[in-house]
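J.: Quick one: this structure, given as structure tokens, is what I'll be asking you about.
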Amino acid sequence: MTIQKPYDDIPGTIIFDSQQAAKGYHLNQFCISLRLAPNRDAFKADPENYIDQFPMTSDQRHAALNQDWNRLLELGGNIYYTSKLAAYHGINFQELAGLMTGKGSTAYREMMISGGRSIEGNRYQSEWDDK
Amino acid sequence: MAYISSGVACSHVPALGVASDSGISNDDYYGPIFKGFEFSKDWMAKEKPDVIFLVYNDHCTAFDARVIPTFALGCAAEYAPADEGWGPRPVPTVNGHRDLSAHIAQSLVLDSFDITIMNEMEVDHGLTVPLTMMFGQPEQWPCPVVPLAVNVVQYPAPLGSRCYALGKSIRKAIESFPENLKVCVFGTGGMSHQLQHQRAGLINSAWDERFMNLLVNEPEKGSQIEHIEYMREAGSEGIELVMWYVMRGALNDKVNEIHRFYHVPASNTAVGHLILENN
């Protein structure tokens, strides 16, 4: 049976399904390791050496070391994991969303206070392609 | 015998925990949200449940990518607030109810819900933020908690219909426990929100309202909402709302809606809250 992915046409969204989870396993385990202070200290002392404990792909490693937040999700990362890497860099959830959306913190916060991103025009990839 | 008196639905946005812990819950940003829960704290003080059965999701805290149980029932004597990367929340340790947990664990499996049993588990904001919203900042939480962690991080989360059926099975389990205990069931998470990638910040208030109306008045129909609808209409993380159906399944078919509160935003999220009483 082929696994159906009816969610592939939701724009600007990477659903963390079983395939993404398998792809991102070591990347996510690296990110979540930073939940604990001794690991954060070790990463700080020698980022490249610390990250090499986790056998991820060179693309994942590069995206992690360069804080390429959307790319991390595309390469199998999940937001609850990548947000730990963000927290390590002093970036909170809302600031991270500001970065991922390309809006920046201030404009993103303003959008949320004004009611958030509207669902209109944001349901299907085709609606984004038309823009 | 034990019985279920009421249900509470409540978002568990981590920023609300931070606001409470750092003393800014009355500021212009958070004030309106905490005000919406003032009624709830008063109600809770009168309701005085003996036990809370709390449905929530862990955010890669007790469970990282190594182990992902769909339903994990807490059976421990206590649950310590976890360090989620910036130190544990300064809130009391959560006491469990081992006898009730053990009874529910056995009853659920014999009723065809093959849950995972957790004899040791730390709990994150998913569990502690709803307690803060409903009880404020007490020295000790006023009653024990039986936690049920649901996977909503890795797709697919359990179906809404399965969560609703699990709620009914939890009710059977609780009602067959010989001790006279009044139980309040919490369903947490939601409402519409997307935390990730370019569509982050999605909020769909019209959909949230319809979701709450169906949950309260037509739960059988609402429990059929498909995953694709949650993800498309309520955002990729809006799928947490399936957990409200565990709570709803544990209540009567007809309930009294005692309180409803809705607010946008808390950080990236729409906050929703309901208090339902069995009539």
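J.: Nearest 5 is fine: what % of DSSP beta bridges in the protein assembly as shown come out antiparallel, could you say? Please list the in-between numbers first.
T.: On the way: 21 of 43 bridges.
Around 50 percent antiparallel, to the nearest 5.
J.: In the Gaussian network model of chain B, springs joining C-alpha atoms below 10 Å, which of B:GLU257, B:GLU84, B:GLU139 carries the largest mean-square fluctuation?
T.: Of B:GLU257, B:GLU84, B:GLU139, the most mobile in the Gaussian network model is B:GLU139.
J.: Once the mean 1/r over all distinct Cα pairs of chain B is inverted, what Kirkwood radius in angstroms do you read off? Before the final figure, lay out each step's value.
T.: Details: mean 1/r = 0.0544 Å⁻¹.
Computed over chain B, the radius equals 18.4 Å.
J.: Let me ask something additional. Can you order the peptides B:123-130, A:43-50, B:170-177 by their average number of other Cβ atoms within 10 Å per residue, highest first? The partial results should precede the final answer.
T.: Working: B:123-130: 27.0, A:43-50: 12.2, B:170-177: 19.1.
Most protected by this proxy first, the peptides run B:123-130, B:170-177, A:43-50.
J.: Amide H to amide H, which residues 5 or more places from B:ALA270 or on other chains are under 5 Å from it, using H placed in the peptide plane?
T.: For B:ALA270, whose amide H was placed from the backbone, the distant partners under 5 Å are B:MET191, B:SER192.
J.: Just the number please: accessible area per residue for segment A:16-90, 1.4 Å probe, all protein chains included, in Å².
T.: Per residue, segment A:16-90 has an accessible area of 44 Å².
J.: Something else: Output the relative contact order of chain B, whole-number percent, from Cα pairs under 8 angstrom with separation of 6+ residues. Write down the numbers at each step before the final one.
T.: On the way: 617 pairs, mean separation 86.2, N = 279.
Once divided by the residue count of chain B, the mean separation gives 31 percent.
J.: Collect residues whose amide H, placed 1.01 Å from N in the peptide plane, falls under 5 Å from the amide H of B:VAL123; neighbours closer than 5 in sequence don't count.
T.: B:ALA80, B:ALA82
J.: So for segment B:78-140, averaging the separation of alpha carbon pairs under 8 Å that are six or more residues apart and normalising by length, what relative contact order in percent results?
T.: Details: 46 pairs, mean separation 26.5, N = 63.
Contact order relative to length: 42 percent.
J.: Work out the mean other chain Cβ neighbour count within 10 Å for the residues of B:10-17 and drop it here as an integer.
T.: Working: counts 0, 0, 0, 1, 3, 3, 0, 0.
Shielding by partners across B:10-17 averages 1.
J.: Which whole number gives the average count of other chain Cβ atoms within 10 Å of the Cβ atoms across peptide A:82-95? If you can, show how the numbers build up before the last one.
T.: Details: counts 2, 7, 6, 1, 1, 3, 1, 0, 0, 0, 5, 8, 9, 0.
Mean partner-chain Cβ count within 10 Å for A:82-95: 3.
J.: Could you tell me the ratio Rg/Rh of chain A? Both radii from Cα atoms, Rh via Kirkwood.
T.: Numbers: Rg = 16.4 Å, Rh = 16.1 Å.
Here the Rg-to-Rh quotient is 1.01.
J.: For Cα pairs less than 8 Å apart in space and 6+ apart in sequence, what is the mean separation divided by the residue count of segment A:16-90, i.e. the relative contact order in percent?
T.: On the way: 73 pairs, mean separation 36.1, N = 75.
Across segment A:16-90, relative contact order equals 48 percent.
J.: Around B:ASN57, which amide H atoms from residues at least 5 apart in sequence, or from another chain, sit under 5 Å from its own amide H, with H modelled in the peptide plane?
T.: Under 5 Å from the amide H of B:ASN57 lie the amide H atoms of B:VAL150, each far enough along the sequence or on another chain.
J.: For segment A:16-90, rounded, prolate or oblate, judged on the Cα gyration tensor with a ≥ b ≥ c (square roots of eigenvalues), a/c < 1.5 rounded, else prolate if a/b > b/c? Let's see the in-between values first.
T.: Working: a/c = 1.70, a/b = 1.50, b/c = 1.13.
In terms of gyration-tensor shape, prolate.
J.: Which whole-Hz couplings ³J(HN,Hα) result when phi for each residue of segment A:94-100 is put into the Karplus expression 6.51 cos²θ - 1.76 cosθ + 1.60, θ = phi - 60°, listed in order with x for Gly and Pro?
T.: Karplus-based 3J(HN,Hα) across segment A:94-100 equals 6, 5, 5, 5, x, 6, 5 Hz.
J.: Now a separate question. Taking each residue of B:150-156 in turn, how many C-beta atoms of other protein chains fall within 10 Å of its C-beta, and what is the average? Don't jump to the answer; show the numbers that get you there.
T.: Values: counts 0, 0, 0, 7, 9, 10, 3.
Mean shielding count: 4.
J.: Tell me, what HN-Hα J-couplings in whole Hz come from the Karplus equation 6.51 cos²θ - 1.76 cosθ + 1.60 at θ = phi - 60° for each residue of segment B:149-158, using x for Gly and Pro?
T.: 8, 10, 6, 10, 8, 9, 5, x, 5, x
J.: So what are the ³J(HN,Hα) numbers for segment A:24-35, from phi and the Karplus equation (6.51, -1.76, 1.60; θ = phi - 60°), rounded to whole Hz, Gly and Pro as x?
T.: Karplus-based 3J(HN,Hα) across segment A:24-35 equals x, 3, 5, 4, 5, 5, 4, 4, 5, 4, 6, 4 Hz.
J.: Shape call for segment A:59-128 from the C-alpha gyration tensor, a ≥ b ≥ c root eigenvalues: rounded (a/c under 1.5), prolate (a/b greater than b/c) or oblate? Walk me through the numbers on the way to the answer.
T.: Details: a/c = 2.57, a/b = 1.40, b/c = 1.84.
In terms of gyration-tensor shape, oblate.
J.: One quarter of the convex hull surface, Cα atoms only: what value does that give for the protein assembly as shown in nm²?
T.: Numbers: hull surface 78.2 nm².
It is 19.6 nm².
The values are calculated or read from the model by the stated rules, or taken from the named source; none is laboratory data. It should be emphasised that the depicted structure is a prediction, and the values quoted were computed from it without experimental measurement. Every residue, glycine as well, gets a Cβ built from its backbone with ideal geometry; the counts of neighbours run over all protein chains shown. Please note that ligands, DNA and RNA were not included when accessible areas were found on the heavy atoms of the full protein model with its side chains. Shrake-Rupley method; radii C 1.70, N 1.55, O 1.52, S 1.80 Å.
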